[in-house]
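The values are calculated or read from the model by the stated rules, or taken from the named source; none is laboratory data. Since the model is a prediction, treat every value here as computed from it, not as a measurement. Cβ coordinates were reconstructed from backbone atoms using ideal geometry, including for glycine residues, and neighbour counts include every protein chain displayed.
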Amino acid sequence: MCGIFGYVGKKNASQVILEGLKRLEYRGYDSWGIAVAAEEILVNKKVGAIGDLNRLSGLPEARVGIGHTRWATHGGITQNNAHPHFSSDEGFILAQNGIVENYQSLKEMLEKKGYNFTTQTDTEVIVRLIESKLKLLKNLKESIRTAFLELKGRNTIIVLTKDSQIIAVRNGSPLVVGISPDSQEYFFSSDTLSFAPFARKIVVIDNGQMIFYQSGRLDLYDVSKNSKLPYRFENISIKNSKVDKEGYDHFMIKEIHDTPYVINQLISQRIDDYSKFAKDLKQANNVYTIGSGTAGIAAAQIAFYLRVFAKISATNLIGADAHEYYDLITKDDLIIAPSQSGETADVLEVLEILRNKGVKIASYVNMLGSTMTRLSDYSFLTQAGPEICVMSTKVFTSQISWGYLVSKIASGKGEEALEDLTILAQTIEKFLNTESNHQNIKEIAKKLSRKKDIFLLGKYQNFNIVKEGMVKIIEGSYIHAHGIPSGDLKHYAITLMDKGVPVIVAVSNDQAKFDVMNAVSQVRTRGAEVVGISAAENDNFDFFIKVPDTGETSAIMNIIPLQLLAYYMAVELGHNVDKPRNIAKSVTVK
Ligand code: BG6
């Protein structure tokens with residue numbers, strides 16, 4: 001997944017684009033590039049992240065330009081492979097977000113026509129394909145449109161022409177256009193957040209649509225029919241679109257500290273907004289939840305809460321592995337997708353197929369105007385504010401809190417859940433504001449940072465929580481971690497228990513407590529070093545992180561120390577906390 005950005009307006013285009021790309025770096029930061037139209041097209045491309053915003057774009061003042069921040073899929077991380085890519089005559093330049101699945105066959109066809117390639121990217125294939133059309137059609141917009149129709153896969157492209165036109169086409173990877181009417185500025189981007197402080201209105205470009213800007217006009221086309229489409233700008237008001245660390249060392253720790261605010265955002269939503277949804281939930285034949293990565297674990301916890309508190313037969317699916325369910329899910333079923341970006345390709349593919357079958361879709365998304373939101377029959381917004389750290393924390397906590405609330409509403413106990421969540425938010429706030437908790441967790445993190453393998457034990461409401469702890473530790477410290485259902489320990493994982501092996505356990509005062517503590521004593525007798533996350537101390541804990549007992553929301557409380565552990569481990573190891581290696585915030589390609 002990459003980030004694309006375009007600008008037209010009175011400001012210095014390259015600087016506006018640089019700032020926009022900076023806000024899109026969560027989508028990839030292997031390299032970046034900016035191009036502006038100033039008589040001719042001038043471009044500047046660099047390997048690596050943009051880094052300090054004070055850096056200059058290295059380009060002259062101009063009013064129109066495009067930019068790209070890359071997460072390499074085809075072709076190494078080199079300046080030559082960085083986007084945007086020039087046409088041979090430098091009449092236009094193009095950036096892409098996505099993967100051209102048929103780029104090999106297109107490349108062979110173009111090579112036979114005499115085109116040479118100077119990069120290993122699939123992007124360059126799009127450029128040469130457009131050129132080959134332009135030779136015949138003599139019209140760049142038409143050449144872009146017809147070339148785009150030959151691309152297979154989920155792609156969004158943005159093109160800057162020498163005549164200061166911007167043409168962008170979408171199929172899959174997100175594309176939003178922002179406008180600031182009073183300052184006559186236009187923004188083209190992969191997400192709304194990247195221009196939120198400047199734009200007042202947006203229009204979301206749908207799959208199969210092309211947006212064309214020239215000399216103050218913006219026209220929308222249906223790509224396959226080549227017909228003009230009406231469109232309307234929606235007002236946006238992203239309350240807190242501020243993207244800065246607010247004095248914290250990293251976005252991750254700031255976003256963990258945002259958790260009480262985020263839960264209060266959830267609580268402020270009106271219960272009766274959920275009544276129809278709750279009714280459909282209960283009437284559905286089957287309920288499914290689906291997500292990828294951390295959101296996939298949130299989906300599992302939402303399904304858990306639906307089963308336990310609403311007695312709804314809910315099954316969770318992992319985004320990339322739901323295909324075997326396509327024939328089983330019918331229009332009498334309902335599927336729920338928690339998602340930070342609302343653009344995860346694996347999940348979107350499933351939702352688009354199920355939508356065509358008439359399956360009811362509900363989404364819980366943090367990004368305004370996302371594809372998942374627009375695909376949904378019920379689109380709930382997390383309103384957690386920007387989550388910049390690639391490792392999801394506050395949004396995950398919001399997703400599972402939402403699952404708890406929805407499940408309780410469906411069982412007629414919505415008010416009780418609001419009270420529980422209010423207490424939970426206060427309890428988390430107190431926990432986070434108690435310095436000794438951070439000191440204690442920091443000490444434990446230091447020890448864990450030196451380990452090669454880390455195991456986590458959990459059961460019932462805490463199993464998904466320790467799985468998410470596993471994900472956070474892997475993402476932040478690059479150490480192998482393994483979340484084990486405590487009931488399975490004696491069936492395989494116990495062989496791994498040995499002197500000094502670290503085992504983190506999250507336990508609540510629930511029906512699983514006895515079994516979990518049984519498993520703890522079994523690993524301890526084999527020499528394991530146990531980190532206990534619990535309301536009560538225990539002789540079998542070598543290290544103890546005390547958490548208040550928050551009753552039915554105990555599992556949500558337990559994720560906070562796990563997120564802090566992962567954070568302090570990443571800091572201890574000197575890793576790039578907010579941008580861990582190889583992963584990106586939103587995977588909009590398959
Ligand atoms: C991964 C992110 O790339 O995508 C995870 O690193 C995230 O944090 C997952 O949970 C799914 O993304 P989204 O936007 O659907 O929550």
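Looking only at the range 336-353, which residues are touching a Lys or Arg at 6+ places or on another chain (Cβ under 9 Å) and either assigned to a helix (DSSP H, G or I) or more than 14 Å from the ligand (Cβ to nearest atom) (or both)?
345, 346, 348, 349
Do we have residue 227 as surrounded by fewer than 13 Cβ atoms within 10 Å (Cβ to Cβ), more than 19 Å from residue 383 (Cβ to Cβ) and modelled with pLDDT of 95 or more here?
On the way: surrounded by fewer than 13 Cβ atoms within 10 Å (Cβ to Cβ): yes; more than 19 Å from residue 383 (Cβ to Cβ): yes; modelled with pLDDT of 95 or more: yes.
Considered against the rule, which asks whether it is surrounded by fewer than 13 Cβ atoms within 10 Å (Cβ to Cβ), more than 19 Å from residue 383 (Cβ to Cβ) and modelled with pLDDT of 95 or more, residue 227 comes out as yes.
Residues that are outside the structural domain of residue 341 (by TED's automatic domain parsing) and in contact with a helix residue (DSSP H, G or I) (Cβ under 8 Å, 6 or more places away or on another chain): which strands (runs of 3 or more DSSP E) entirely in the range 6-71 hold 2 or more of them?
Because the criterion is at least 2 residues that are outside the structural domain of residue 341 (by TED's automatic domain parsing) and in contact with a helix residue (DSSP H, G or I) (Cβ under 8 Å, 6 or more places away or on another chain), the strands (runs of 3 or more DSSP E) in the range 6-71 that meet it are 31-38, 64-70.
Return the only residue of 529, 552 being in contact with an Asp or Glu (Cβ under 7 Å, 6 or more places away or on another chain), in the same structural domain as residue 465 (by TED's automatic domain parsing), among the charged types (D, E, K, R) and within 19 Å of residue 482 (Cβ to Cβ). Please lay out each step first, then the result.
Numbers: 552 fails: within 19 Å of residue 482 (Cβ to Cβ).
Testing whether each residue is in contact with an Asp or Glu (Cβ under 7 Å, 6 or more places away or on another chain), in the same structural domain as residue 465 (by TED's automatic domain parsing), among the charged types (D, E, K, R) and within 19 Å of residue 482 (Cβ to Cβ) leaves just 529.
If you check residue 405 against the conditions, is it out of contact with any Pro (no Cβ under 7 Å at 6 or more places or on another chain) and surrounded by 17 or more Cβ atoms within 10 Å (Cβ to Cβ)?
Considered against the rule, which asks whether it is out of contact with any Pro (no Cβ under 7 Å at 6 or more places or on another chain) and surrounded by 17 or more Cβ atoms within 10 Å (Cβ to Cβ), residue 405 comes out as yes.
Those residues that are assigned to a helix (DSSP H, G or I) and either more than 13 Å from residue 388 (Cα to Cα) or hydroxyl-bearing (Ser, Thr, Tyr) (or both), I need them from the range 244-258; list them, please.
257 - this is the single residue of the range 244-258 that is assigned to a helix (DSSP H, G or I) and either more than 13 Å from residue 388 (Cα to Cα) or hydroxyl-bearing (Ser, Thr, Tyr) (or both).
Return yes or no: is residue 377 near the ligand (Cβ under 9 Å from one of its atoms) and not aliphatic (A, V, I, L, M)?
no
Out of all the residues in the range 310-329, which are within 14 Å of the ligand (Cβ to nearest atom) and either over 24 Å from the mean Cα position of the chain (by Cα) or part of a strand (DSSP E or B) (or both)?
Of everything in the range 310-329, those that are within 14 Å of the ligand (Cβ to nearest atom) and either over 24 Å from the mean Cα position of the chain (by Cα) or part of a strand (DSSP E or B) (or both) turn out to be 316, 317, 318.
State all residues of the range 72-83 that are buried (at least 24 other Cβ atoms within 10 Å of the Cβ) and out of contact with any helix residue (DSSP H, G or I) (no Cβ under 8 Å at 6 or more places or on another chain); if no residue qualifies, say none.
Narrowing the range 72-83 to residues buried (at least 24 other Cβ atoms within 10 Å of the Cβ): 82-83.
Within the range 72-83, just 82 meets the criteria.
For residue 477, work out the one condition from (1) within 16 Å of the ligand (Cβ to nearest atom); (2) in contact with a Ser or Thr (Cβ under 7 Å, 6 or more places away or on another chain); (3) within 30 Å of residue 351 (Cα to Cα) it doesn't fulfil.
For residue 477, the exception is condition (3).
Please name all residue pairs, on different chains or six or more residues apart, with Cβ atoms under 7 Å, provided the first residue is in the range 9-34 and is in contact (Cβ under 8 Å) with a residue 60 or more places away in the chain and the second residue is polar (S, T, N, Q) and in a helix (DSSP H, G or I).
20/194; 23/194; 24/194
Select from the range 569-590 the residues that are surrounded by fewer than 23 Cβ atoms within 10 Å (Cβ to Cβ) and away from the ligand (no atom under 16 Å from the Cβ) and list them in ascending order.
571, 572, 573, 574
Across the range 13-35, what is the number of residues that are at pLDDT 95 or above and farther than 30 Å from residue 345 by Cα?
Within the range 13-35, residues that are at pLDDT 95 or above and farther than 30 Å from residue 345 by Cα number 1.
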